[in-house]
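Each remark here refers to the structure printed beneath this line.
The values are calculated or read from the model by the stated rules, or taken from the named source; none is laboratory data. From a predicted model like this one, the values you see are computed outputs, not experimental measurements. Cβ placement follows ideal geometry from the backbone for every residue including glycine, while neighbour counts extend to all protein chains displayed.
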Amino acid sequence: MLDFGHFRNDIIVGHIRVPCEAPVLTWHDHGLRFNNGRGSRRRHPKQKIDLIVLHWTGGEGTAKQIYKTLTSRELGVEFVVDREGVIWQFADPARVDTFDAGRVNPRSVGIEIVNYGFRRGRPPRKGAVRPIYQSSLNGKARSFAGFFPGQMRSTVALCDALRGPLKAIPKRLPRNDKGEVLRRVMTREEVDDYSGVLGHFHVSRRKTDPGTEIFDVLTASVYECTTATAPSSTSRTSRDSLFTSKTANTLRCGSLRAAFSKQCVSVKIFWPNGVTSRTCIGLDKKPIYTWATTRTMKTSGGMMPKGKRYVR
Ligand SMILES: [Zn+2]
């Protein structure tokens, strides 16, 4: 297993560290920053931030390559979620306005998720492993490349974390009268009246990013009652009793996978020896990462020091 223990699990908003349940690297770790220069400008302290705009990058490059490309085009973004689901923070959203979403930049935080997304002909080599799904956008049938489960989990965690300090962003997606997520560009008035999370395609007719699937994930994971969409055998009660049981240490990944059929969740496990750990389970039912939260723990794979994360 790879050791990704050097990740943080907090982001920086308004100079303050805010907990985020995903692996994070900030400019203090990677040294790359948008700070009121090219691709960004100072955000007025009184400016209300009430939108999160999701994008895909349109390629499979690393977060560093994306930073370089954006800079060369005098564009910017506050966050990138890389292929491994690691969140790279490039700007403090409370203080810096990056240029990623046109007219709504002043009131929005941008998140770029690495994915080639959509392409005629063959996908890029690194993108060939992505699942393809069919959907419609602006009334037109299209095929999209999906995000990896770890990317979706981190994106959901990041939206959650941002909503802590940025209280004007509600837990909301753009929906039609039937309650379905809008799969079309919104009118200027609709955007002006809206606050919450949306996609680049909602605010720009020329755009298709970030595809439609992430909104199903947000709906299923966070933005509606998660228990309502869970299969009956994995109701919240049975989950809790399962992982607080004295026999928790006999559960292995196999039974964890069996217990979660479609949710993307973080599970706290109480071990009989007094240690607690957390495991994030992705939509593919595989643990994304595990970490001990109280003290060093002995596992079948060796010692798991407190706070160290093991990512598949
Ligand atoms: Zn975009």
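How many residues does region 189-212 contain that are at positive phi and within 9 Å of the ligand (Cβ to nearest atom)? Outline the logic, then answer.
Step one: list which residues in region 189-212 are at positive phi, which gives 196, 211.
Of the ones still in play, those that are also within 9 Å of the ligand (Cβ to nearest atom) are none.
Looking only at that region, the number is 0.
For the structure I just gave you, tell me whether F215 is within 16 Å of the ligand (Cβ to nearest atom), at pLDDT 95 or above and assigned to a helix (DSSP H, G or I).
Answer is no for this residue.
List pairs: first residue in region 199-222 and closer than 14 Å to R142 by Cβ, second residue within 14 Å of the ligand (Cβ to nearest atom) and assigned to a helix (DSSP H, G or I) anywhere in the structure, Cβ distance under 7 angstrom, at least six positions apart or on different chains.
So the pair list comes out as K207/H200; K207/F201; T208/F201; D209/H200; D209/F201; P210/H200.
Inside region 53-79, can you point out the residues that are more than 12 Å from the ligand (Cβ to nearest atom), closer than 19 Å to H28 by Cα and not small (G, A, S)?
Answer for region 53-79, where residues must be more than 12 Å from the ligand (Cβ to nearest atom), closer than 19 Å to H28 by Cα and not small (G, A, S): T62, K64, Q65, Y67, K68, T71, E78, F79.
Counting only residues that are in a helix (DSSP H, G or I) and not acidic (D, E), which one in region 21-52 is farthest from the ligand (Cβ to nearest atom)?
First, the residues of region 21-52 that are in a helix (DSSP H, G or I): 27-30.
Filter again for not acidic (D, E), leaving 27-28, 30.
Values: W27: 22, H28: 26, H30: 22 Å.
Here the answer is H28.
Before we move on, is F118 modelled with pLDDT under 95, within 14 Å of the ligand (Cβ to nearest atom), within 30 Å of S40 (Cα to Cα) and surrounded by fewer than 22 Cβ atoms within 10 Å (Cβ to Cβ)?
Working: modelled with pLDDT under 95: yes; within 14 Å of the ligand (Cβ to nearest atom): yes; within 30 Å of S40 (Cα to Cα): yes; surrounded by fewer than 22 Cβ atoms within 10 Å (Cβ to Cβ): yes.
Yes, satisfied.
Residues being over 21 Å from L198 (Cα atoms) and buried (at least 18 other Cβ atoms within 10 Å of the Cβ): count how many of those fall in region 40-61.
Let us first name the residues in region 40-61 that are over 21 Å from L198 (Cα atoms), namely 41-42, 44-46, 60-61.
If we keep only those that are buried (at least 18 other Cβ atoms within 10 Å of the Cβ) as well, we get 60-61.
Residues that pass the stated criteria total 2.
How many of the residues in region 93-102 are within 13 Å of the ligand (Cβ to nearest atom) and either aliphatic (A, V, I, L, M) or surrounded by fewer than 17 Cβ atoms within 10 Å (Cβ to Cβ) (or both)? Full working, then the answer.
Filtering region 93-102 down to residues within 13 Å of the ligand (Cβ to nearest atom) leaves 98-102.
Those still in the list that are either aliphatic (A, V, I, L, M) or surrounded by fewer than 17 Cβ atoms within 10 Å (Cβ to Cβ) (or both) too: 101-102.
Within region 93-102, residues that are within 13 Å of the ligand (Cβ to nearest atom) and either aliphatic (A, V, I, L, M) or surrounded by fewer than 17 Cβ atoms within 10 Å (Cβ to Cβ) (or both) number 2.
Residue under question is K126, and the condition is that it be assigned to a helix (DSSP H, G or I), of a type outside the set (A, V, I, L, M, F, W, C), modelled with pLDDT under 90 and more than 16 Å from the ligand (Cβ to nearest atom); does it hold? Show your work before the answer.
On the way: assigned to a helix (DSSP H, G or I): yes; of a type outside the set (A, V, I, L, M, F, W, C): yes; modelled with pLDDT under 90: yes; more than 16 Å from the ligand (Cβ to nearest atom): yes.
Criteria met by K126.
Among the candidates P170, P210, single out the residue that is buried (at least 21 other Cβ atoms within 10 Å of the Cβ), part of a loop (DSSP other than H, G, I, E, B) and touching a helix residue (DSSP H, G or I) at 6+ places or on another chain (Cβ under 9 Å).
Working: P170 fails: buried (at least 21 other Cβ atoms within 10 Å of the Cβ).
Unique residue meeting the criteria: P210.
Is it fair to say E84 is assigned by TED's automatic domain parsing to the domain that holds R188 and either assigned to a strand (DSSP E or B) or within 13 Å of the ligand (Cβ to nearest atom) (or both)? Talk me through it step by step, then tell me what you get.
Details: assigned by TED's automatic domain parsing to the domain that holds R188: yes; either assigned to a strand (DSSP E or B) or within 13 Å of the ligand (Cβ to nearest atom) (or both): no.
In short, no.
Kindly list the number of the only condition in (1) within 16 Å of the ligand (Cβ to nearest atom); (2) more than 12 Å from the chain's Cα centre (by Cα); (3) part of a helix (DSSP H, G or I); (4) of a type outside the set (G, A, S) that fails for V109.
(3)
Among the listed residues A101, A63, A91, which satisfies the condition of being closer than 16 Å to D209 by Cα and among the small types (G, A, S)? Before the answer, list the steps.
Working: A63 fails: closer than 16 Å to D209 by Cα; A91 fails: closer than 16 Å to D209 by Cα.
Result: A101 is the single residue among A101, A63, A91 that is closer than 16 Å to D209 by Cα and among the small types (G, A, S).
For region 46-95, what are the residues that are among the small types (G, A, S) and within 16 Å of F147 (Cβ to Cβ)?
Taking region 46-95 and keeping what is among the small types (G, A, S), we get 58-59, 61, 63, 72, 76, 85, 91, 94.
Within region 46-95, G58, G59, G61, A63, G85 meet the criteria.
I need the full set of residues from region 141-175 which are among the charged types (D, E, K, R) and over 27 Å from K48 (Cα atoms), in order please.
R142, the sole residue that qualifies.
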